[in-house]
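Each reported figure results from applying straightforward, stated rules to the coordinates on display, with no laboratory input. None of the values given here were measured: they were computed from a predicted structure. Positions of Cβ are backbone-derived with ideal geometry, glycine not excepted, and every protein chain shown enters the neighbour counts.
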Amino acid sequence: MEQFFIQEQDGQWTLIKGNVKVGWSRIGEGLSGDYNPEDPNDIELLRFGVAICHEGEWEPVEDSSYCTNIPANAPEETKKKALEIIMAKVHEPLTKGEPIKRICEQLSWIEPKWIGAKKPYTVRITAHAVMKGTAHVEAEDDKTAEKLALEEARSGNLTWDYDGIIDGTEEVTSTTREKE
């Protein structure tokens, strides 16, 4: 059965497959309840909801709306892939008339790393103990970020604090995941 995305008037994505619809909403939820933009450690999160079409009208499915760990500012592709994961889990049970509350509770833990989403990192690199450089990369995890940063340094695409020869002695001195 074919599925397709539509972008709602509020800018959020919805995925429709047959008579089942899953979509995002932003209602001001954060890591510890209401989102606090003044708190640098808080992140606004997305909520998903599931609806089923009865006689041409979309009706919300009982116990199917949950806050997730998907940041509201996540890349569009991350949001779409997360909706595909949700649809894959709820579509069949819904079409069979089965409850999806437990499935949705489990899906509330969905986060970017479930779908291999890349995250921004800042990696500090040192060469010859005196040359220092910083690479900004996107990767799935710390190790991949460090590898990409070293490749960037060795290819000459990194600005160093001091001039010198790059010869394979480069090493990562710190890796920090940037706030999204």
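For ALA139, the residues whose amide H sits under 5 Å from its own are LYS119, TYR121, ignoring neighbours fewer than 5 places away on the same chain, with H placed 1.01 Å from N.
Legend: calculated FRET efficiency, ASN19 to HIS136, from the Cβ-Cβ distance at R0 = 45 Å, rounded to 0.05, equals 0.50. Proximity of backbone amide H atoms, modeled 1.01 Å from N, is registered between GLY30 and TYR35, LEU45 at under 5 Å, excluding neighbours fewer than 5 places apart on the same chain.
Full extension of the chain between ASN41 and GLU92 gives 14.6 nm of extra length, using 0.36 nm per residue less the Cα-Cα distance.
Return the subset of LYS17/LYS81; LYS79/LYS101; LYS89/LYS143; LYS21/LYS80; LYS80/LYS143 for which the Cα-Cα distance in this structure is over 23 Å, preserving the input order.
Among LYS17/LYS81; LYS79/LYS101; LYS89/LYS143; LYS21/LYS80; LYS80/LYS143, the Cα-Cα distance tops 23 Å for LYS89/LYS143; LYS80/LYS143.
Look at ILE6, ILE103, ILE110, ILE70 and count the other Cβ atoms within 10 Å of each Cβ; fewest to most, that gives ILE6, ILE103, ILE110, ILE70. Go ahead and run the numbers for FRET between ARG124 and ARG102, Cβ-Cβ distance against an R0 of 45 Å, rounding to 0.05. Computed FRET efficiency for ARG124 and ARG102 comes out at 0.50. Annotation for LEU31 and GLU62: the two label points, set 7 Å from Cα along the Cα-Cβ direction, are 3.6 nm apart.
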